[in-house]
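Working notes, beginning with the structure itself.
We did not get these values from a lab; they are worked out from the coordinates using the rules stated. Because the structure is predicted, anything quoted here is derived from the model rather than measured. Reconstructed Cβ throughout: ideal geometry from the backbone, glycine too, with neighbour counts over all protein chains shown.
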């Protein structure tokens with residue numbers, strides 16, 4: 001079971017991602033703003049971070065930059081999960097330090113595939129389903 005930190009301020013998106021991971025065995029922690037995301041990353045050391053870009057205090061790109069500067073958490077995979085679909089938004093996320101980029105809405109299969117790629121862990125039940 002992996003610990004996943006989801007940095008997201010929109011309640012509907014939070015519920016959707018929690019529902020997507022419900023049967024994977026992964027624990028999804030939520031931070032509803034950028035500063036809370038940094039604090040949670042430092043205190044909980046998640047295995048992976050899903051990062052929204054538009055956050056109410058500091059944007060997800062700055063959160064990613066700050067995480068990348070801290071030696072305790074700098075190697076945690078960060079996947080941008082955002083409504084921005086423009087190529088320049090993807091480039092900005094990767095330049096800020098995100099490992100990957102998914103545009104919302106993403107299918108459950110697509111999200112789990114990318115997450116498991118970075119976790120290097122696949123739940124046997126999901127592997128049988130082709131995720």
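Sorted fewest first by neighbouring Cβ atoms within 10 angstrom, 27, 52 come out as 27, 52.
Each of 78, 67, 38 was scored by other Cβ atoms within 10 Å of its Cβ. Listed from fewest to most, they are 38, 67, 78.
For the range 1-110, averaging the sequence separation of C-alpha pairs within contact (under 8 Å, six or more residues apart) and dividing by the residue count gives a relative contact order of 24 percent. Estimated purely from DSSP H runs of n ≥ 4, each contributing -39500 (n - 2.57), the mean residue ellipticity at 222 nm for the chain is -13000 deg cm²/dmol once divided by its residues. Extension gain, residue 12 to residue 95, is 27.1 nm, computed as 0.36 nm per intervening residue step minus the present C-alpha separation.
When Rg and the Kirkwood Rh are both derived from Cα coordinates, the Rg/Rh ratio for the chain amounts to 0.94.
I need 106, 43 ordered by Cβ neighbour count within 10 Å, fewest first.
Least crowded to most crowded, the residues run 43, 106.
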